[in-house]
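See structure below.
What follows is calculated from the coordinates using simple rules that are stated; it is not laboratory data. Keep in mind that this is a model prediction, so the values were computed, not measured. FYI the Cβ positions are ideal-geometry reconstructions off the backbone, even for glycines, and counts take in every protein chain you see.
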């Protein structure tokens, strides 16, 4: 195989060597200026007239050229991108598709120009758009306004990159797109960043400027007070906006829209429904996670993103108990993207030159562009109508003597001769004559003549209207203003962004953590828990003014950031954070826990286990006194380690359970056992020796065969107290037997020794064989049904062992004063 020679061929005989010395600085300067001009003019900056960069303009023009319309079906985005890239835009397909995607995003554009079908991305680009082979698009209704009258010689056209196609240098733009949708771009040595505005507000300002060309900025800002971002939010501080509207440069801060809500019975939360412009929820979540990890953000227990297509954005910050949600929200504004700054830099192309424009200048450029568009459109339409009128008038001339026209045509040797004769005979122009020759004979009837005369009159009137517009600057301004008003009426929407003169600040007024104020924790007979706003007791109310759930079976004083204990029927002591409990409003009436939360929301109890009482966990108190169903009594030594959430306060025998418990205040209280066979035993708490938590207690009352304890209470003998008992039958179902009850003064029952049998507290009537309910405590007492409804008590009966009187309603629980 022959080896190819690598020797260079000699130059031709007529070759003349020319070497040019070029200074590298000049070459770099010239090349860089060309590059810079190309980037500024052909890529990065929008035109102030239609507010579009070349790629956006080419997309809209190509969609219009392809015959795509808002009311027609979607086409693949790849098809549109291919047409734009092949005919007008000599750049990568991804750049074209990115521009198309942005025009379809309702969170990027205040008035979207593309109607997208498929995944076009999410706020903050957390979820990128699908590839263009999967998505579909068509022009949005507003895009029709941008290209409206494009075929009526309203704007100039220029050649594309290879001279094979023509493209508009600007679109007619029937609304101020630059101000409405904003723009952003980085060129060489300059950049633009313009926020979106409300369509109706911008058009109102433009119409005012049309009517009063000398209007000042302050007047225009009455119509356009500030940006209106597609994502809503709150703009705080308007000084930067005024600077931007005056000089073209300025900045403002935008905050997320957030509210404090009760998201669970135990906790409040911050619900975010709007984020700053171009900020996505994933960005906020990532920042919050980093801040919590660095221990720079406190008070947040959990963050959930509940955003969906049906309800829109919804970020839920669950606030830890003990922290003020308002103060946590202020920290979120300060440390996370929930508050962002937006720098306005109104740089746009005017006559091919990049200029920094204020609000009035931007409106003036657009208004002048619309004047030019409407003027050229009116000239085009007048010219078309004049041409048509010329033809109609010629045809009417021929119809006056149609027989002569036909005779001339038939007598002519050819079409040229007929044309020449008709022109001389009827003094017609060449265009009119040709139109007559091309018109079918079937149109030359009497009816068609009437139609032609009507068309002539209509054309004449339209030409007169167009001429009046072109001859009068006032008429031109009036037409442009009315067209803008029609656009605002059809496409205008309510403002989404709230404008605030000064930022909303609560951090100086609200501490981050809730103060450890005194309060009282309450438990109702139905198992509802709540706390008061202060440590004061509720004033008493008349029995007739009672409300549901007002029978408070246990109440303890404590503080907001402390813990209380819950004693259960299984002998367990469970810790409960007070800050978790809902707060009851202060009222002048008797307390009601209708606004409380069920105990199961805070603690987990076993099947059949119930809450017996609340206690303060104060180790300086005389301790806890409790009684069991089998007659055991115990005073528990106050020893409650803070590092344990669950403690055992008694070792119960098999089958036994706690029926009553209370925290002693002085140690001089009386302990009261009441059994189901109507025996009551009362003795001083000092007769019971305190024991450690694991102890099993000691004999409290001597029970007869088959009897059991149904009530154990701690009563202060110094207060006005009473004993309430309800008799019934062991064989009757709940509510199937008429209950009889007795309310007796506590002092009617003498003290006896511990572990004795006590005295009778109620005599049974015929059919009664046991007590179904018993209680001893301070007065006034409140009785309630199983649902918490108020039940009236019987009159006081001084007889210790007397029989009861019938009850109006079944009683499930009785409680003393709070």
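Relative to the longest principal axis of the Cα atoms of the chain, the long axis of helix 473-491 makes an angle of roughly 40 degrees.
For the pair residue 604 and residue 191, a Förster radius of 60 Å applied to the C-beta separation gives a FRET efficiency near 0.50, rounded to the nearest 0.05. Contact order, relative form, for the chain: 9 percent (alpha carbon pairs under 8 Å, 6 or more residues apart, mean separation divided by residue count).
Extension gain for residue 705 to residue 26 (0.36 nm times residue separation, less C-alpha to C-alpha distance): 232.7 nm.
Just to verify a number: FRET efficiency for residue 345 and residue 222, C-beta to C-beta distance, R0 = 22 Å, to 0.05? Write down the numbers at each step before the final one.
Values: r = 24 Å, r/R0 = 1.09.
After rounding, the FRET efficiency stands at 0.35.
Annotation: peptides 485-498, 769-782, ranked by per-residue average of other Cβ atoms within 10 Å with the highest first, follow the order 769-782, 485-498. Computed from label points 7 Å out along Cα-Cβ, the spacing between residue 407 and residue 427 is 2.0 nm. From its DSSP helices (H runs of at least four residues, each -39,500 (n - 2.57)), the chain gives a residue-normalised ellipticity at 222 nm of -9000 deg cm²/dmol.
Ranked highest first by average number of other Cβ atoms within 10 Å, how do 425-431, 571-577, 744-750 line up? Provide the component values of the computation, followed by the final result.
Details: 425-431: 13.9, 571-577: 19.9, 744-750: 17.7.
Those peptides, ordered most packed to least, come out 571-577, 744-750, 425-431.
Take every Cα pair under 8 Å whose residues are at least 6 apart in sequence, average their separation, divide by the length of region 97-247, and the relative contact order is 18 percent. If the label point is 7 Å along Cα→Cβ of residue 76, which residues in region 124-142 have backbone nitrogen under 17 Å from it? Counting only backbone N, you get 130-138.
Please give the length that would be gained between residue 472 and residue 294 if that part of the chain were fully extended, namely 0.36 nm times their separation in residues minus their C-alpha to C-alpha distance (nm, one decimal).
On the way: separation 178, 0.36 × 178 = 64.08 nm, distance 6.95 nm.
Stretched out fully, the residue 472 to residue 294 stretch lengthens by 57.1 nm.
In this simple spin-label model, placing a label point 7 Å from the Cα along the Cα-to-Cβ direction at both residue 251 and residue 637 gives a separation of 6.6 nm.
Segment residue 515..residue 759, full-extension length gain: 82.9 nm, with 0.36 nm per residue of separation and the alpha-carbon distance subtracted.
In the chain, what percentage of the DSSP-assigned beta bridges are antiparallel, given to the nearest 5?
Around 95 percent of the beta bridges assigned by DSSP in the chain are antiparallel ones.
Order these peptides, 369-380, 104-115, by their mean beta-carbon neighbour count within 10 angstrom, highest first. Walk me through the intermediate numbers first.
On the way: 369-380: 19.5, 104-115: 21.3.
Per-residue mean Cβ counts within 10 Å order the peptides as 104-115, 369-380.
What list do you get for 409, 344 if you sort them by fewest beta carbons within 10 Å?
Taking fewest neighbouring Cβ atoms as first place, the list is 409, 344.
For a Förster distance of 51 Å, can you work out the FRET efficiency between the beta-carbons of residue 356 and residue 443, rounded to the nearest 0.05? Could you put the intermediate results ahead of the total?
Values: r = 61 Å, r/R0 = 1.19.
About 0.25, to the nearest 0.05.
Cβ-to-Cβ counts within 10 Å put 549, 117 in ascending order as 117, 549, the fewest first. Placing a pseudo-label 7 Å from each Cα along the Cα-to-Cβ vector at residue 414 and residue 787 gives an inter-label distance of 10.8 nm. Here the residues 26, 716, ranked from fewest to most Cβ neighbours within 10 Å of their Cβ, fall in the order 26, 716.
Once you reduce region 73-137 and region 234-303 to the center of their Cα atoms, the two points are 29 Å from each other.
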